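S.K.: Can you read through this structure? Questions will come right after.
The values are calculated or read from the model by the stated rules, or taken from the named source; none is laboratory data. These figures come from a predicted structure and were not determined experimentally. Every residue, glycine as well, gets a Cβ built from its backbone with ideal geometry; the counts of neighbours run over all protein chains shown. Accessible surface areas use protein heavy atoms only, side chains included; no ligands, DNA or RNA. Shrake-Rupley method; radii C 1.70, N 1.55, O 1.52, S 1.80 Å.
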Amino acid sequence: AANVRLEREVVERRRAEEVLRASEERFRALFEEAPIGLHEIDRDGVLLRVNAAECALLGYNCGEIEGRPVWELVATEEREQSRKDIRAKISGQKAIVPFVREYVRRDGQRIAVEIHEKLIRDQDDNVQGIRSALLDITDRRRIEGELRSLTAELEARVRDRTHELMQSNEALQQFAYSASHDLQEPLRMVTSYAKLLEKRYQN
């Protein structure tokens, strides 16, 4: 009976291991084949895994960036803040919310990246690192900047045109007043002669 129970446990454990292995393979495939940049960092901010989409986005081979601190890939002026933010999130002092950070590609080009993160926890619920999804929003930012510029230009044109119309309206009002005054003078003369004629020939 003990042998049968032991054999059953071994079979169940093997089944569980196969299910776990299949699950891990599915996750690995999803991670690697995702169309957006994905990476995982450990508690020290070191890149453990980077998918092909992120490597293509940054212009590196995966082997060139795995093992490096993630803040080495961001713009120089944002590195210290990146380091502080990672430590604060790992320790639970800062909330996990989407944010934007500037990364620098291998060729030196800066790109704006929107980052969505999730804490990686072990079976005892201890934080082991952070998994991040990176969305390139460089074009979106450029278009938003162009729209802001066009909106400001349009508003300036509207202000200028409104000012011109107000000046034109004032000129028209002055002309109308002057024309009205000038047209009243002949009428006064006609009225005056009419009164003289009436006075002289009223009978």
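S.K.: Can you count the Lys pairs in the chain with C-alpha separation below 19 Å, eight or more apart or on different chains?
M.R.: Taking the chain as the scope, the lysine pair count is 4.
S.K.: Still on this structure, I have one more. Given a 1.4 Å probe, how much area per residue of the stretch 1-82 is accessible, in Å²?
M.R.: Accessible area per residue, the stretch 1-82: 66 Å².
S.K.: Still on this structure: Can you pull the one-decimal nm distance between simple spin-label points at A171 and D139, each 7 Å off the Cα toward Cβ?
M.R.: Here the modelled spin labels are 4.8 nm apart.
S.K.: Return one number: the angle in degrees, 0 to 90 and rounded to the nearest 10, between the long axis of the Cα atoms of helix 79-90 and the longest principal axis of the Cα atoms of the chain.
M.R.: 60 degrees
S.K.: Moving on. Residues of the stretch 41-61 with amide nitrogen under 19 Å from the 7 Å Cα-to-Cβ point of E33?
M.R.: Zone members listed by number: 50-56.
S.K.: Next up: I want to make sure I understand the PRE zone here: with the label point 7 angstrom from the Cα of E72 toward its beta carbon, which residues in the stretch 4-45 have backbone N atoms less than 16 Å away?
M.R.: Inside the label zone: 40-45.
S.K.: Between A171, A156, Y103, whose Cα lies farthest towards the positive end of the dipole of the chain when Lys and Arg beta carbons carry +1 and Asp and Glu beta carbons carry -1, centred on the Cα centre?
M.R.: A171
S.K.: Ok, one more. Please work out the Cα center distance from the stretch 91-124 to the stretch 18-83, rounded to the nearest Å.
M.R.: 10 Å
S.K.: How long are the three semi-axes of the equivalent ellipsoid for the chain, computed from the Cα gyration tensor as the root of 5 times each eigenvalue, in whole Å, largest first?
M.R.: On the way: eigenvalues 1378, 94, 47 Å².
Over the Cα atoms of the chain, the semi-axes work out to 83, 22, 15 Å.
S.K.: Mind listing the phi-derived Karplus ³J(HN,Hα) values for the stretch 97-114, rounded to whole Hz, using 6.51, -1.76 and 1.60 with θ = phi - 60°, and x for any glycine or proline?
M.R.: The phi angles translate into 9, x, 8, 10, 9, 8, 9, 10, 5, 4, 7, x, 5, 8, 10, 8, 10, 8 Hz.
S.K.: Next question, about the same structure. Do any trypsin sites (Lys or Arg not before Pro) in the stretch 51-92 lie in a DSSP loop with no more than 10 other beta carbon atoms within 10 Å, and if so, which?
M.R.: On the way: sites: R79, R83, K84, R87, K89; in loops: none.
Sparse-neighbourhood loop trypsin sites (Lys or Arg not before Pro): none present.
S.K.: While we're here: Helix-derived [θ] at 222 nm for the chain: sum -39500 (n - 2.57) over DSSP H runs of at least 4, divide by residue count, nearest 500? Don't skip to the answer; put the middle values down first.
M.R.: Working: 5 runs with 119 residues, N = 203.
Rounded to the nearest 500, the figure is -20500 deg cm²/dmol.
S.K.: For a quick check of your reading of the filter: which GluC sites (Glu not before Pro) in the stretch 1-90 sit in a DSSP loop and have no more than 16 other Cβ atoms within 10 Å?
M.R.: Listed in order of number, the matching sites are E66.
S.K.: Let me ask something additional. Starting from the Cα-Cα distance between R161 and E80, subtract it from 0.36 nm times their residue separation and give me the gain in nm to one decimal.
M.R.: 24.3 nm
S.K.: Picking from S132, I65, L20, whose Cα lies most toward the positive end of the charge dipole for the stretch 1-136 (charges on Cβ: Lys, Arg +1; Asp, Glu -1)?
M.R.: So the residue furthest toward the plus end is L20.
S.K.: Report the net charge of residues surrounding R49, where surrounding means a beta-carbon distance below 12 angstrom and charges are Lys +1, Arg +1, Asp -1, Glu -1.
M.R.: -3
S.K.: Now for a different question. Report, to the nearest whole %, how much of the accessible area of the chain belongs to carbon and sulfur atoms, 1.4 Å probe, protein only.
M.R.: 52 percent
S.K.: Where Lys and Arg each count +1 and Asp and Glu each count -1, what net charge lies around K89 among other residues with Cβ under 14 Å from its Cβ?
M.R.: Charge balance in the 14 Å sphere: +4.
S.K.: Quick check: pseudo-label points 7 Å beyond the Cα along Cα→Cβ at A95 and Q109, how many nm apart are they?
M.R.: My value for the distance between the label points is 3.5 nm.
S.K.: Another question, if that's okay. Give the Cα extents of the stretch 27-108 along the principal axes, in whole Å, largest first.
M.R.: Principal extents (Cα only, largest first): 33, 32, 22 Å.
S.K.: Separate question: Please report the net charge: other residues with Cβ closer than 12 Å to the Cβ of E164, K and R +1, D and E -1. Show your work: numbers first, answer last.
M.R.: Details: positive: R157, R159, R161; negative: D160, E170.
Summing Lys and Arg as +1 and Asp and Glu as -1 gives +1.
S.K.: Explain nothing, just compute: Karplus ³J(HN,Hα) = 6.51 cos²θ - 1.76 cosθ + 1.60, θ = phi - 60°, for every residue of the stretch 119-126 in order, whole Hz, x for Gly and Pro.
M.R.: Whole-Hz 3J(HN,Hα) from phi for the stretch 119-126: 5, 9, 10, 8, 5, 9, 6, 7.
S.K.: Which residues' amide hydrogens lie under 5 Å from the amide hydrogen of G129, considering only partners 5 or more residues apart or on another chain, with H built in the peptide plane?
M.R.: I120
S.K.: Also, I was wondering about something else. Using the Karplus equation 6.51 cos²θ - 1.76 cosθ + 1.60 (θ = phi - 60°), what ³J(HN,Hα) coupling, rounded to whole Hz, does each residue of the stretch 11-16 give in order, writing x for Gly and Pro?
M.R.: So the J values, rounded to whole Hz, are 4, 5, 5, 4, 4, 4.
S.K.: Quick check for me: using +1 on Lys/Arg Cβ and -1 on Asp/Glu Cβ, what's the dipole size of the chain about its Cα centre, in debye to the nearest 20?
M.R.: 700 debye
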